Ligand code: SF4
């Protein structure tokens, strides 16, 4: 059994591994960039051209993000009480914004805590 918090327990990623998975990777903290938030449709391009701190403040107030790191300009997406990503459907275990999902989600597990490995969990 894998433990998302212990990458040494993760399985080598292979095609088809995601089928039937509980969506463990979508229960890990997700950091995104401004351009991801624009693609997600939660920030308008006009707003993105303005103050990034103001954007962060609004998104925090609306519960889309929990924090913003100045310097790296990374926003941390909100996780639900059970650690699910704010965009994960808790029943189907599928991403509700799949076509608009952030780059980091598209690139996982090629990038991540243990590149090429996955915290797959079938239930
Ligand atoms: S945005 Fe979608 S793919 Fe990315 S962590 Fe959230 S539910 Fe998963």
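We did not get these values from a lab; they are worked out from the coordinates using the rules stated. Predicted model, so just to flag it, every value in this text is computed and none were measured. Here Cβ is always computed from backbone atoms with ideal geometry, including for glycine, and neighbour counts include all displayed protein chains.
When the helix-only estimate is applied to the chain (DSSP H runs of n ≥ 4, each -39,500 (n - 2.57), divided by the residue count), what is the mean residue ellipticity at 222 nm, nearest 500 deg cm²/dmol?
Dividing the helical sum by the residues of the chain leaves -5000 deg cm²/dmol.
Please sort 44-51, 25-32 by packing, taking for each peptide the average over its residues of neighbouring beta carbons within 10 angstrom, highest first.
25-32, 44-51
If a/c stays under 1.5 just call it rounded; otherwise compare a/b with b/c (prolate if a/b is bigger, oblate if not). Do that for region 18-81, with a ≥ b ≥ c from the square roots of the Cα gyration tensor eigenvalues.
prolate
So for the chain, averaging the separation of alpha carbon pairs under 8 Å that are six or more residues apart and normalising by length, what relative contact order in percent results?
41
Which angle between 0 and 90 degrees, to the nearest 10, do you get for helix 52-61 versus the longest principal axis of the chain when only C-alpha atoms count?
That helix lies at roughly 60 degrees to the long axis.
Compute the whole-percent fraction of alpha carbon pairs in region 82-123 spaced more than 11 Å apart.
71
Could you list 18, 105 in order of exposure, starting from the residue whose Cβ has the fewest other Cβ atoms within 10 Å?
18, 105
Percentage of Cα-Cα pair distances in the chain greater than 21 Å, rounded to whole percent?
Here the long-distance tail beyond 21 Å is 40 percent of all Cα pairs in the chain.
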